[in-house]
Structure formats: C-alpha cells, structure tokens
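Below: one structure, written as structure tokens.
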Amino acid sequence: MDKINFSHVPVLLDQVISGLDIKPDGIYIDGTCGGGGHSSEIAKRLTSGRLLGIDRDPDAVKAASERLASYNAKVVQGNYSDIMEIAKNEGASSPDGILLDLGVSSHQLDTIERGFSYHGDAPLDMRMSQSGQTAADLVNGLSEDELSRIMFEYGEEKFSRKIAAEIVRQRSIKPIETTGELAEIIGRAVPAKFKRDKNPCRKAFQAFRIAVNAEFECLDKGLDDAFELLKSGGRLCVITFHSLEDRIVKQRFASFCKGCICPPDFPQCVCGRTPRGRLVNRKPIEASENELEANPRSRSAKLRIIEKI
C-alpha cells in the first residue's frame with residue numbers, strides 16, 4: 001500500500017507534554033492518535049516506558065504506526081470509549097498518563113473525499129472509522145424534527161428548523177448525496193445577513209459529524225473510563241475544539257474533584273465521599289499568539305488537565 005500522507009500539526013504540544021508530566025519508564029495512552037504528532041513527542045521521551053496509541057480511523061492507524069515504528073509504541077484501531085478493554089488487552093492498565101485530542105483531524109478535513117468539509121464536493125460521508133452509517137444516511141433518513149434537534153443540540157444552529165425543512169423538501173425531489181448539495185441547501189435556508197461573516201455551513205456540518213460518529217456518547221464513556229484506568233498520580237489531558245465538548249469535560253472533571261455530597265444541613269458527613277482528582281489547571285489552557293500564527297486551527301483549542309488522587 002502507498003504511504004498515507006497524514007499531515008498533522010499537533011495543537012498545544014508543549015502544554016500537553018508538560019501537563020502529562022512524562023516519566024521515562026511510564027505507560028502512556030494517546031486515545032486519539034491521529035497521525036501520531038502528540039504520540040511521537042511522548043514516545044521520544046520514554047526509555048523503558050511505552051506508548052499505546054488508539055484511533056478509530058484506519059488511515060490514522062497506518063500513518064501513526066509508520067511514524068512510531070522506531071519507538072517502544074504500538075497503535076491499534078479502536079474507539080477511545082473502549083479504552084478500558086483495549087488497555088487491558090494490550091497490557092497497558094494503570095497508565096501514568098492519557099491524552100484525548102477530540103474532534104476531527106486536519107487529515108480528515110483536508111481529504112475532501114472523506115466528506116467532512118463543506119469547501120469541496122464529495123460523497124456525504126463524515127465517518128471517522130470509515131464504517132457504519134454515513135451523514136447521507138442521516139440526512140436522507142431522519143425526520144424533520146430529528147434533523148432540527150441534531151443541528152440545534154450539536155451545532156447550536158439557530159436556523160436548524162429552516163435548514164431541516166429545506167433538507168426534507170429537497171430530498172423529496174432527489175436524495176442528498178454530496179457535501180456540495182448539503183452546503184447549497186444550508187445556504188438557501190440561512191438568511192443572507194448571517195452569511196456575510198462566517199460560512200453558514202459550519203455549525204450544521206459539525207452537528208452531523210458529531211451525530212454520525214456518536215462523539216458525545218463516546219466522550220461521556222471515555223472520560224469516565226480513562227480516569228478510572230489511570231494509576232494514582234496519573235494525569236488525563238483533554239483537548240476540546242468547541243464549547244459543547246469543553247462543557248462536558250469541565251463538568252466531568254469537576255465531578256471527579258468533588259468531595260462530600262451530603263445536604264448542607266447534615267451535622268456531619270455520612271456519604272464518605274472524598275475527591276478522586278485535582279485540577280492541574282483551573283482555567284483551560286489556550287494557544288499562544290505564536291502558535292495561532294503558525295497554526296490557525298489551534299484558535300478554538302482548549303486543554304484541561306486533571307490528576308488522579
């Protein structure tokens with residue numbers, strides 16, 4: 001097979017490496033390995049330690065495996081939401097650190113035929129794993145109400161009802177099969193004055209991508225299992241790219257750090273609950289001006305770090 005050009009500029013790289021507090025003999029898991037950008041920087045700091053990379057995209061697994069071939073590292077195909085089972089199978093239980101770099105990769109966005117981008121015309125796909133139902137299946141199969149709900153909840157799209165109605169009208173004429181067709185439909189549904197500053201497709205495309213890949217369900221389970229898996233003193237680093245993801249991570253980290261949950265009027269604690277983690281950074285870490293200039297896609301990135309007690 002030809003070598004896959006899986007270019008990936010890892011965001012917040014220095015901050016991630018610092019946040020993981022890497023021990024040369026430690027075990028580390030990159031649950032969203034991508035092209036191996038973060039992974040290679042983790043792996044090169046290990047001596048007797050090792051790295052396990054996980055990614056649902058077979059293109060990413062191939063590219064990262066090639067990139068990490070000279071290190072004590074292994075990359076497997078899977079979903080980070082199954083991190084507990086994968087780590088057990090690969091002998092990587094009780095890791096010292098775990099990284100989750102959420103969202104769509106630069107390679108997936110830039111490979112137009114994968115159907116993630118509204119900047120070209122390609123089959124309406126959006127599957128990170130390259131298997132299962134596509135965005136076209138959702139767009140052509142879901143009810144108008146469900147289409148509207150997905151765009152509103154996963155994209156915070158305020159014109160979700162208008163776009164959903166236009167999708168249903170258009171698909172009654174012919175199935176919607178490409179990214180270009182969906183982009184045209186969205187463009188017609190969004191009022192002109194809201195199309196001047198930002199591309200009107202951004203929120204709806206984000207929403208359908210999240211739905212196709214069950215991203216929030218994966219995040220919900222993945223955060224719990226990743227934190228559970230960590231050894232005491234181990235760290236979990238999570239990079240998010242939009243407010244919905246960041247809110248989930250922020251709230252989950254807060255729950256890990258919460259102690260007693262007894263009602264305030266109880267004279268003493270009866271629940272016995274103690275904090276299981278401590279926040280390494282109170283506020284999310286964002287890209288510096290230098291990084292923003294070098295990599296504009298880092299603009300929306302936020303890094304949160306928690307240490308298991």
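In square angstrom, rounded to the nearest 10, how much accessible surface does ARG202 have for a 1.4 Å probe?
Rounded to the nearest 10, that gives 100 Å².
Give me the 1.4 Å probe accessible area per residue for the stretch 114-247, excluding ligands and nucleic acids, in Å².
Values: 5980 Å² over 134 residues.
Per residue, the stretch 114-247 has 45 Å² of solvent-accessible surface.
Helix-only mean residue ellipticity at 222 nm, the chain, DSSP H runs n ≥ 4 weighted -39,500 (n - 2.57), per residue, nearest 500. What is it? All intermediate terms of the calculation are to be shown ahead of the outcome.
Values: 13 runs with 126 residues, N = 309.
Computed ellipticity for the chain at 222 nm equals -12000 deg cm²/dmol.
Would you list CYS218, CYS269 from the most to the least accessible area, probe 1.4 Å? Spell out each step's value before the answer.
Details: CYS218 15, CYS269 65 Å².
The most accessible residue leads, giving CYS269, CYS218.
Compute the orientation-averaged projected area for the stretch 108-157 from the convex hull of its Cα atoms and round it to one decimal in nm².
Computing the convex hull of the Cα atoms and averaging its projections yields 3.8 nm².
Projected area of the stretch 117-252, taken from the Cα convex hull and averaged over every viewing direction, in nm²?
So the mean shadow area of the Cα hull is 9.4 nm².
Considering only C-alpha atoms, what is the centroid distance from the stretch 176-227 to the stretch 234-289, in Å?
28 Å
Evaluate the stretch 32-113: find the radius of gyration of its Cα atoms, find its Kirkwood radius, and give the ratio Rg to Rh.
With Rh from the inverse mean 1/r over Cα pairs, Rg/Rh is 0.95.
Run the 1.4 Å probe and let me know the accessible area of GLU228, rounded to the nearest 10 Å².
Using a 1.4 Å probe on the heavy atoms, I get roughly 100 Å².
Considering the convex hull of the alpha carbon atoms of the stretch 75-143, report its projected area averaged over all viewing directions, in nm², one decimal. All intermediate terms of the calculation are to be shown ahead of the outcome.
Values: hull surface 25.5 nm².
Directional mean of the projected Cα hull area for the stretch 75-143 stands at 6.4 nm².
Students sometimes get this wrong: rank MET84, MET128 by accessible area, probe 1.4 Å, all chains present, largest first. Mind showing how you got there, number by number?
Numbers: MET84 70, MET128 15 Å².
Descending order: MET84, MET128.
Once the principal axes of the Cα atoms of the chain are found, what is the range along each, listed largest first in whole angstroms?
Largest to smallest, the principal-axis extents are 62, 59, 39 Å.
With springs only between Cα atoms under 10 Å apart, run a GNM on the chain and tell me which of ASP110, ASP59, ASP21 wobbles the most.
Comparing ASP110, ASP59, ASP21 in a Gaussian network model of the chain, the most mobile one is ASP21.
Quick one: pull the percent of accessible area on the chain belonging to carbon and sulfur, 1.4 Å probe, ligands and nucleic acids left out. Display every interim value, and only then the final one.
Numbers: 7260 of 14920 Å².
Carbon and sulfur: 49 percent of the exposed surface of the chain.
Taking amide H positions as placed 1.01 Å from N in the peptide plane, with prolines and chain starts having none, which residues 5 or more places from ALA73, or on another chain, fall under 5 Å of its amide H?
Amide H neighbours of ALA73, under 5 Å, 5+ apart: LEU51.
Just the accessible area for LYS23, please: 1.4 Å probe, Å², rounded to the nearest 10?
80 Å²
For the stretch 215-309, what Kirkwood radius comes out of the mean inverse Cα-Cα distance, in Å? Could the numbers behind the result be given before it?
Working: mean 1/r = 0.0671 Å⁻¹.
Radius from the Kirkwood sum: 14.9 Å.
Taking all protein chains together and a probe of 1.4 Å, list PHE216, PHE253 from the most accessible to the least accessible. Each step should come with its number before you reach the end.
Values: PHE216 30, PHE253 5 Å².
Output order, biggest surface exposure first: PHE216, PHE253.
Considering the chain as a Gaussian network with a 10 Å cut-off on Cα pairs, which listed residue, LEU52, LEU292, LEU124, attains the greatest mean-square fluctuation?
Fluctuation is largest for LEU292.
For each pair in LYS62/LYS283; LYS162/LYS198; LYS174/LYS198; LYS250/LYS308; LYS158/LYS198; LYS44/LYS258, compute the distance between the two Cα atoms and list the pairs where it is over 24 Å. Write out the running numbers ahead of the final one.
Values: LYS62/LYS283 35 Å; LYS162/LYS198 18 Å; LYS174/LYS198 28 Å; LYS250/LYS308 15 Å; LYS158/LYS198 14 Å; LYS44/LYS258 35 Å.
Violating the 24 Å Cα-Cα cut-off are LYS62/LYS283; LYS174/LYS198; LYS44/LYS258.
The values are calculated or read from the model by the stated rules, or taken from the named source; none is laboratory data. It should be emphasised that the depicted structure is a prediction, and the values quoted were computed from it without experimental measurement. The accessibility values were calculated without ligands, DNA or RNA, using every heavy atom of the protein model including side chains. Shrake-Rupley method; radii C 1.70, N 1.55, O 1.52, S 1.80 Å.
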